Amino acid sequence: MKYNFALMAASLLGFTCGEALSDDEISEITVKAIRVANDSPASSYPTAATTLRFDPLTELQSRGIAEGQSDVTVRGGLFENTGFKLGAVTVMDPQTGHYVAGLPVDPAIMSVPAIYKGIDSAIEGFNSAIATVSYGINRVNDGGFVTLGAGSDSLNFQSLNFGNVTTNASGNDFGIGVSLARSEGDGSVAFGDHEFTRANVQLQHVTSDTQSDLIVSYQDKFFGWPGAYTGFASLPEIDDTQTTLLLVNHRRQSDSGWFEVGGFYRRLVDDYDFNRTTLESGAPGSFEHETRVLGVGFQGLQQVGPVSWRYGGQLTSDKLVRSTDLTNGLFTDRTYATFSIVPSIDTDLSSGNKLVWRVGATLDYSDRDSNAVSPLVGVTLSRSDAKGTTDYTLEYATTSQVPGYTALNSNPTGLFGGNSLLGREKAKQLSASIERDTGDWQFQATLFSRRDDDLVDWTYATGAPFARQANAVDLDVLGLEAFFVRSWEAIDLAIGYTALDKDADYGSAQVDASFYALNFAKHRATLAFTYRFSRGFELRIDNEYRAQEDNPLRVGDDSTYLASVSLKWSSTGEHKFGAALVVDNATDSEYQPFPGTPASERQISLSASYAW
């Protein structure tokens, strides 16, 4: 039961983007079923962050609208502990993990994301100690659609997608896809305006067993939000970024496995201002930066006799090209790499049951930091019956990463206090899970215990109330993660629940509050509901209830109920018209995802679409 969010969005308009080649790998708690109902926001055009807002397997913490700037955490990790992968490579930002979710790629190009943890994240990921959000690359198909929308707070947005595919005499497909989108609005609070532009071109070659892609993406994002990063609502902050991404990817499928290789170039120019009313001079305090990253990576699965060899690796070189403020570190360029290999062996049992053993390791290298060898061990008991399969998994995984330049190179004192001596972060996780899949419904639950050593957090001390400080913290994390999905002819239902408990040790650092490590939900429950109640009509509702850990910097309640609701209609026939009414934060909750940063208020949009 595999669904594609981009395909579901396009299917409303009768446009199909195509699916990525399938994965035949064994993976621990990797869900590809529908997890959210709403794939379009009320505040802008859709981005990679949109469908993660209510995902039960991720927690998205946004500054203002999710499409403006959002941090993605998994199982109580921090924003820099979650990597974003497209094809064979993790596309990273060396300056700060705040920007990794801002992929400049149209979600219609990408498959539904798989959320990898533990052993699977160690293999799939790069420099992401807790989790990897992994996207495949969709097929280009003939057709297209155009969307025009407007909403509250002077919002207006437009998008255009179209593709063309030609087939040669050998049956191979050559496709080109183009995607354009823009959005602007005043925002639901004063100084909460935005102006976004995104452009994508995709070139693709497909044979019976291969898919090759070239993706060129550019995104210009200006957004304002009071207290976005500082947590002081009196400061009208802005962040203006221009992101260029060039990515190539090739995947080959065979009877004995698959192999995928890719490379990317990424350039980001960033101009942040904690007070937009002041004039900048290009001196320290202007917070202007430029980074460039080159990376190549590969993934694969090869069956050799009774052993399945699962492997992956990535080599990345980055450079902090220029910066007005990140000038206090020990270096401004770095080369680092990771390689993982995890063979698995199936042991057949009676009645078609089997044991799957996995034992391997990850090697992490950096020319600026310490290196690490991390063990990976897991065993799965898979039991089959007439209705489906049940998997019981026990695994232990150690993963690591290194911090970004904002933490390393910022001035030790000031608005954002850095620490050039921060080193490699390590996570050691033991988990036990159960997964039941009958085809009609799926249930998964995981109990995990994790030790995070030298995790990089940003903290607050009453003695320096106008500064944040990068400090290392050791965390003991205990959690429960559960998920259930069921689909009927007219209804899709997904229910999720996560419980977390943390014990933090900052050593000798003076810490009175945490902006990130201790900003987590003790209890979080989600419910996604889609109802096709009449021909061409759909009602979609995402719900979330959270009880947050107490934080002295948060203004207002630590618990809240959030909801996003949409009503969608599409006509029938070869050429389709569509309309959508979307309401975000339907309860008009004032809950602050980041302590001290004002919440985005209720927003409403109405859009019209045409597909051919």
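Of all residues in segment 76-91, those that are over 27 Å from residue 476 (Cβ atoms) and touching a residue at least 24 places away in the same chain (Cβ under 8 Å) have Cβ atoms under 9 Å from Cβ atoms of residues that are among the basic types (Lys, Arg) and in a strand (DSSP E or B), 6 or more apart or on another chain, in 87/251; 88/251; 91/85; 91/266.
You will find that of 247, 301, the residue that is touching a strand residue (DSSP E or B) at 6+ places or on another chain (Cβ under 7 Å), farther than 30 Å from residue 359 by Cα, hydrophobic (A, V, I, L, M, F, W, C) and crowded, with 18+ Cβ neighbours inside 10 Å is 247 and no other.
Identify, please: which residue in segment 186-201 is in a loop (DSSP other than H, G, I, E, B) and either of a type in the set (Gly, Ala, Ser) or free of Cβ contacts under 8 Å to residues at least 12 places away in the same chain (or both) and is, among those, farthest from residue 212 (Cα to Cα)? Looking at the filtered set, the residue picked out is 190. For segment 228-258, the set of residues classified as under 30 Å from residue 271 (Cβ atoms), of a type outside the set (Ser, Thr, Tyr) and not in a strand (DSSP E or B) consists of 228, 231, 232, 233, 235, listed by residue number.
Residues are listed down the side, and each one gets a yes or a no for (1) modelled with pLDDT of 95 or more; (2) in a loop (DSSP other than H, G, I, E, B); (3) hydrophobic (A, V, I, L, M, F, W, C); (4) closer than 22 Å to residue 500 by Cα:
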| site | (1), (2), (3), (4) |
| --- | --- |
| 539 | yes, no, yes, no |
| 543 | yes, no, no, yes |
| 552 | no, yes, no, yes |
| 557 | no, yes, no, yes |
| 561 | yes, no, no, yes |
| 564 | yes, no, no, no |
| 567 | yes, no, yes, no |
| 582 | yes, no, yes, no |
| 586 | yes, yes, yes, no |
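For segment 259-284, filtered to residues that are part of a strand (DSSP E or B) and aliphatic (A, V, I, L, M), the residue that is nearest to residue 210 (Cα to Cα) is 261. Of 445, 464, all but one fail to be surrounded by fewer than 18 Cβ atoms within 10 Å (Cβ to Cβ), modelled with pLDDT under 95 and not in a helix (DSSP H, G or I); the exception is 464.
Looking across segment 175-185, the residues that are farther than 28 Å from residue 211 by Cβ and not small (Gly, Ala, Ser) come down to 182, 184.
Of note, residue 103 does not satisfy the criterion of being under 28 Å from residue 417 (Cβ atoms) and either at pLDDT below 95 or surrounded by 24 or more Cβ atoms within 10 Å (Cβ to Cβ) (or both). Restricting 149, 83 to those that are of a type in the set (Gly, Ala, Ser) and either closer than 22 Å to residue 580 by Cβ or in a loop (DSSP other than H, G, I, E, B) (or both) reduces the list to 149. The set of residues in segment 317-333 being small (Gly, Ala, Ser) and either in contact with a Pro (Cβ under 6 Å, 6 or more places away or on another chain) or surrounded by fewer than 20 Cβ atoms within 10 Å (Cβ to Cβ) (or both) consists of 317 alone.
Just to be sure before I move on: is residue 338 in contact with a Phe, Trp or Tyr (Cβ under 6 Å, 6 or more places away or on another chain), polar (S, T, N, Q) and either in a strand (DSSP E or B) or on the phi > 0 side of the Ramachandran plot (or both) in the structure I sent? Answer is yes for this residue. For segment 106-132: of the residues being in a loop (DSSP other than H, G, I, E, B) and aliphatic (A, V, I, L, M), which is surrounded by the fewest Cβ atoms within 10 Å (Cβ to Cβ)? It comes out as 112.
For (1) closer than 30 Å to residue 373 by Cα; (2) among the acidic types (Asp, Glu), each residue gets a yes or a no:
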site	(1), (2)
106	no, yes
110	no, no
114	yes, no
134	yes, no
153	no, yes
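Just to verify a result, which residue in segment 225-244, among those that are among the aromatic types (Phe, Trp, Tyr) and surrounded by 21 or more Cβ atoms within 10 Å (Cβ to Cβ), is nearest to residue 277 (Cα to Cα)? If we take residues in segment 225-244 being among the aromatic types (Phe, Trp, Tyr) and surrounded by 21 or more Cβ atoms within 10 Å (Cβ to Cβ), then 225 is nearest to residue 277 (Cα to Cα).
Scan segment 263-276 and give yes if some residue there is within 24 Å of residue 165 (Cβ to Cβ), among the basic types (Lys, Arg) and touching an Asp or Glu at 6+ places or on another chain (Cβ under 8 Å), otherwise no. The answer is no, given that none of the residues of segment 263-276 is within 24 Å of residue 165 (Cβ to Cβ), among the basic types (Lys, Arg) and touching an Asp or Glu at 6+ places or on another chain (Cβ under 8 Å). All but one of (1) in contact with a Ser or Thr (Cβ under 6 Å, 6 or more places away or on another chain); (2) over 28 Å from residue 360 (Cα atoms) hold for residue 110; state the number of the condition that does not hold. Of (1) in contact with a Ser or Thr (Cβ under 6 Å, 6 or more places away or on another chain); (2) over 28 Å from residue 360 (Cα atoms), only one is false for residue 110: (1).
Looking only at residues of segment 532-551 that are crowded, with 16+ Cβ neighbours inside 10 Å and polar (S, T, N, Q), we find that the one that is farthest from residue 56 (Cα to Cα) is 551.
Please determine, by comparing only the residues of segment 201-222 that are hydrophobic (A, V, I, L, M, F, W, C) and under 14 Å from residue 136 (Cβ atoms), which one is surrounded by the fewest Cβ atoms within 10 Å (Cβ to Cβ). Per the stated criteria, the residue is 206. Just to be sure before I move on: is residue 364 at pLDDT 95 or above, under 20 Å from residue 117 (Cβ atoms) and of a type in the set (Asp, Glu) in the structure I sent? It is true that residue 364 is at pLDDT 95 or above, under 20 Å from residue 117 (Cβ atoms) and of a type in the set (Asp, Glu). Restricting segment 428-440 to residues that are in contact with a Lys or Arg (Cβ under 6 Å, 6 or more places away or on another chain) and at pLDDT 95 or above leaves a set whose member that is farthest from residue 286 (Cα to Cα) is 429. Scanning segment 475-525 for residues that are modelled with pLDDT of 95 or more, hydroxyl-bearing (Ser, Thr, Tyr) and either farther than 14 Å from residue 458 by Cβ or loosely packed, with under 14 Cβ neighbours inside 10 Å (or both) yields 497, 498. In this structure, does residue 413 turn out to be of a type in the set (Ser, Thr, Tyr), exposed (fewer than 15 other Cβ atoms within 10 Å of the Cβ) and touching a residue at least 24 places away in the same chain (Cβ under 8 Å)? Criteria met by residue 413. The residue of segment 160-182 that is nearest to the chain's Cα centre (by Cα), among those that are under 15 Å from residue 105 (Cα atoms) and among the polar types (S, T, N, Q), is 179. Summed over segment 60-80, residues that are out of contact with any Pro (no Cβ under 9 Å at 6 or more places or on another chain) and at negative phi total 8. When segment 45-82 is limited to residues that are closer than 22 Å to residue 504 by Cα, of a type in the set (D, E, K, R) and more than 10 Å from the chain's Cα centre (by Cα), the one that is surrounded by the fewest Cβ atoms within 10 Å (Cβ to Cβ) turns out to be 75.
The values are calculated or read from the model by the stated rules, or taken from the named source; none is laboratory data. Keep in mind that what you see is a predicted model, and the values were worked out from it rather than measured. Note that each Cβ is placed from the backbone with ideal geometry, even for glycine, and that neighbours are counted across all protein chains shown.
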